[in-house]
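The values are calculated or read from the model by the stated rules, or taken from the named source; none is laboratory data. What you are looking at is a predicted structure, and each value in this text was computed from that prediction instead of being measured. FYI the Cβ positions are ideal-geometry reconstructions off the backbone, even for glycines, and counts take in every protein chain you see.
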Amino acid sequence: MAALFAAGAQGVHEDGSALITSFPNEAAARAAAVAARAADPSVTYDVQPAVTVDWTTAWRDHARVVTLGSLTVTPPWLASGLDRRHTIVIDPGMAFGTGDHASTRGALLLMQDVVRAGSTVADLGSGSAILSIAAARLGASRVWAIEIDTEAQGNAASNVDENDVGDVVHLLEGDATLLLPLVAPADVITANIISSVIVELLPLMSETVAPGGFAVLAGILESEHRVVVDALRDNDWQLRRTHVEEEWWSALAQHH
């Protein structure tokens, strides 16, 4: 492998017993192959032209439209012809949340059980704002999208504008422990974050949810869900429904 780099290889990848490498031109590749054969007559090789890939756009080929209950999630370039009243247009960017992750899908499905016309929703760790936009599509009258990551806010703002829900979804940047009490009470609190943060936030969620209100929790590994179940019980939440997809566990709970 060192000899290949010395001969000008731009990268080397092991594939079983074979080495796959690339050179800036065919002449360099063939010269390296001849040198390898001279060093070991048993060496076999195959020289093929490299396929040029524009990685700035190639990832778009893997984007897809996802339908979850009454909601559809799509990137902008696949949105044509879809019913905007039930569609969430998300431009994949640095912010987490496109509908391609099982935890996001679980949250979107469970939200449809409890977000109603006129609901007030607090979305903790809102990322791309996908759950906030979903709440608006489901009829919420006011949604607070709370995110501490500054880099996520630009993507979220673009998504809110793209979906024309700026009159309902309000982006708040900062720590949820400080901001959630300021927007309370919320009929529904969503949190698609890691289980340890959810457990830490549950006491505050109990204080800020409306009487009989709901929490939609996601981002929880199924292997860790018992910790969340115990924390829900300890904070006066009743588990109403769960969703498991791949290794991800999502939950709908009601406070009592």
Discussion item. Looking only at segment 65-81, how many residues end up being part of a loop (DSSP other than H, G, I, E, B) and over 23 Å from Arg116 (Cβ atoms)?
Written reply: 5
Discussion item. So, in segment 187-240, how many residues would count as being under 21 Å from the mean Cα position of the chain (by Cα) and at positive phi?
Written reply: 1
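Residues checked against (1) surrounded by fewer than 22 Cβ atoms within 10 Å (Cβ to Cβ); (2) within 16 Å of the chain's Cα centre (by Cα):
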{"site": "Asp113", "(1), (2)": "yes, no"}
{"site": "Val121", "(1), (2)": "no, no"}
{"site": "Leu131", "(1), (2)": "no, yes"}
{"site": "Ala135", "(1), (2)": "no, no"}
{"site": "Gly139", "(1), (2)": "yes, no"}
{"site": "Ala145", "(1), (2)": "no, yes"}
{"site": "Gln153", "(1), (2)": "yes, yes"}
{"site": "Gly166", "(1), (2)": "yes, no"}
{"site": "Val169", "(1), (2)": "no, no"}
Worksheet item: Within segment 109-121, is even one residue of a type in the set (D, E, K, R) and assigned to a loop (DSSP other than H, G, I, E, B)?
Response: yes
Discussion item. Take Glu246 and tell me if it is among the acidic types (Asp, Glu) and at pLDDT 95 or above.
Written reply: no
Worksheet item: Only one residue in Ile220, Ile193, Ile198 is over 30 Å from Leu78 (Cβ atoms), crowded, with 20+ Cβ neighbours inside 10 Å and of a type outside the set (S, T, N, Q). Which one?
Response: Ile198
Practice prompt. Output the residue which, of all residues in segment 85-101 that are surrounded by fewer than 17 Cβ atoms within 10 Å (Cβ to Cβ) and in contact with an Asp or Glu (Cβ under 8 Å, 6 or more places away or on another chain), is modelled with the lowest pLDDT.
Written response: Met94
